[in-house]
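Since every read-out is calculated from the coordinates, none of them should be taken as a lab result. Note that the coordinates shown come from a computational prediction; the quantities given were computed from them, not determined experimentally. Methodologically, a virtual Cβ is constructed for each residue, glycine included, from the backbone with ideal geometry; neighbour enumeration extends over all protein chains shown.
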Amino acid sequence: MPCYQLDEELWFPPIDAADDYGLLAVGGDLSPERLLLAYSLGIFPWYNPGEPILWWSPDPRCVLYPSELHISRSMRKFMRKNLYRVSFDENFPGVIYWCRRLRKNLDGSGTWITSEMEKAFIRLHELGFAHSVECWDGDELVGGIYGVCLGYCFCGESMFSRRTNASKLVLIHLVQKLETLGFELLDCQQTTGHLLSMGATEISRIEFQQHLRVAEVPPYGPLVSRFCKSDLV
């Protein structure tokens, strides 16, 4: 399968042109306009330091339907202790900072959350299209998740945990809020055992595109995030 080279024009090839691993295109930039176009088409950037920007549309796709969230008995018991405070959009830069820092230190090889990616997603947050959920132990940020929201689809990008169950806690709060707001799905992008244990499942790329249509993701709806801060109290 060919891998398309992007240029300065805002465009992406058809997503069914992706190779067997989901790689669709190389190059371009991380401008808000290109990122929003990519997510509206079911495409996301993922690359390592020193590499060109790589754009992906995997098949199958890992998603979590809000109504199918699974909370284990032990996690429910943990939540009843109310050890931590959970907030929404209170410290987006802090969440992406810790996601980057902890992944960079896992094996010393670096992280796909490059400084360029960090700046790009903070800009999306400033524009109202990227959001975070934070877990606090007192005044210390100990867990979080962030992602991009278009229409009624939330595309999870990364999460971190500095305390036991902190990442599970923010994911649970996020999915419960998505269900309250009538969201179609949480796009998990890549499959992990952790996500599957919490109710995520794999669907085909075609099914995912159909969900984007139902979720009113552009071009099927207006370019707007349905995850407004006024809804997060």
Given 14 as the ceiling on other Cβ atoms within 10 Å, longest exposed-site-free region of the chain for chymotrypsin sites (Phe, Trp or Tyr not before Pro) in DSSP loops: 22-219
Helix 166-180 sits at what angle to the longest principal axis of the chain, using alpha carbons and giving 0 to 90 degrees rounded to 10? 70 degrees
If amide H atoms are built 1.01 Å from N in the plane of the peptide, which residues on other chains or at least 5 residues away come under 5 Å of the amide H of Gln189? Cys62
Hey, got a sec? Which trypsin sites (Lys or Arg not before Pro) in the range 38-103 land in a DSSP loop and have at most 10 other Cβ atoms within 10 Å? Arg80, Lys81
Eigenvalues of the alpha-carbon gyration tensor of the range 112-230, times 5 and square-rooted, give semi-axes in Å, largest first, of 23, 18, 14
GluC sites (Glu not before Pro), loop per DSSP, at most 10 other Cβ atoms within 10 Å - longest free stretch of the chain: 10-233
What number of lysine-lysine pairs in the chain show an alpha-carbon separation below 17 angstrom, given a sequence spacing of 8 or more or placement on distinct chains? 5
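Efficiency by 1/(1 + (r/R0)^6): what FRET value for Gln176 and Asp139, r their Cβ-Cβ distance, R0 = 22 Å, to the nearest 0.05?
So, using R0 = 22 Å, E works out to roughly 0.35.
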Applying the Karplus parametrisation 6.51 cos²θ - 1.76 cosθ + 1.60 with θ = phi - 60° to the phi angles of the range 116-129, what ³J(HN,Hα) value in whole Hz is obtained for each residue in order, glycine and proline being reported as x? 5, 5, 4, 5, 5, 6, 5, 5, 4, 5, 4, 7, x, 10
Relative to the longest principal axis of the chain, what angle (0 to 90°, nearest 10) does the C-alpha long axis of helix 92-105 take? 80 degrees
Simple spin-label estimate for His70/Tyr21, 7 Å along Cα→Cβ, in nm, reads 2.9 nm
